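Enquirer: Here you go, one structure.
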Amino acid sequence: MSRPRSVALPWYAAEHYETLRQSLSDGHKLPAHYETWRASTEQVEREVQRSGVEVVRVPIEPDIFTAWCEDAGLQPDGAARSRYAAEALIH
């Protein structure tokens, strides 16, 4: 199986992080502090980049993401965030 050239990475801005944590059905699984989330996510990003795959950060804004989930009939969870980011990468 060939490796993708690029992957979408759901990305949260510091100013949206707490709002997202509260609005996501699995928000309790995210670290309590933005800096903890950011450091962990950047580590994953570096590992993927080292494998030769481009990582594209896709911003997840609370209102836009919530509306998208409602339109798609999806729970606002990790699977939906990944799908949203992947679709944004295509468009």
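Every number in this text was worked out from the coordinates using simple rules, so none of it is lab data. Keep in mind that this is a model prediction, so the values were computed, not measured. Reconstructed Cβ throughout: ideal geometry from the backbone, glycine too, with neighbour counts over all protein chains shown.
Enquirer: What is the dipole size for the chain, taken about its Cα centre, with +1 at each Lys and Arg Cβ and -1 at each Asp and Glu Cβ, in debye to the nearest 20?
Expert: Working: 10 positive and 14 negative charges, 96 e Å.
Charge dipole, the chain, about its Cα centre: 460 debye, nearest 20.
Enquirer: A follow-up question, please. Once amide H atoms are placed 1.01 Å from N in the peptide plane, what residues at a sequence separation of 5 or more from Val58, or on another chain, have their amide H within under 5 Å of its amide H?
Expert: Placed amide hydrogens put Leu9, Trp11 under 5 Å from Val58.
Enquirer: Something else: Need the full-extension length gain, Ser40 to Glu54, defined as separation in residues times 0.36 nm minus the C-alpha distance. One decimal, nm. Provide the component values of the computation, followed by the final result.
Expert: Details: separation 14, 0.36 × 14 = 5.04 nm, distance 1.76 nm.
Answer, rounded to one decimal: 3.3 nm.
Enquirer: Angle check, please: helix 62-72 long axis (alpha carbons) against the longest principal axis of the chain (alpha carbons), in degrees 0 to 90, nearest 10.
Expert: The angle comes out near 90 degrees.
Enquirer: Also, quick follow-up: Taking the 0 to 90 degree range and rounding to the nearest ten, how far is the long axis of helix 14-23 tilted relative to the main principal axis of the chain, both from C-alpha atoms?
Expert: 60
Enquirer: Continuing with the same structure: What nm value, rounded to one decimal, do you get for the distance between Ala67 and Ala79 when each label is placed 7 Å out toward the C-beta?
Expert: 2.5
Enquirer: Considering the values (i) 21.0; (ii) 13.8; (iii) 16.5, which represents Kirkwood radius over Cα pairs in Å as calculated for the structure under consideration?
Expert: Calculated Kirkwood radius over Cα pairs in Å: the matching label is (ii).
Enquirer: Note down the nm distance, to one decimal, between modelled labels 7 Å out along Cα→Cβ at Ser25 and at Ser6.
Expert: Distance between the two pseudo-spin positions: 3.0 nm.
Enquirer: Go ahead and set up a Gaussian network model of the chain, Cα springs under 10 Å, then flag whichever of Pro31, Pro59, Pro76 fluctuates most.
Expert: Pro31
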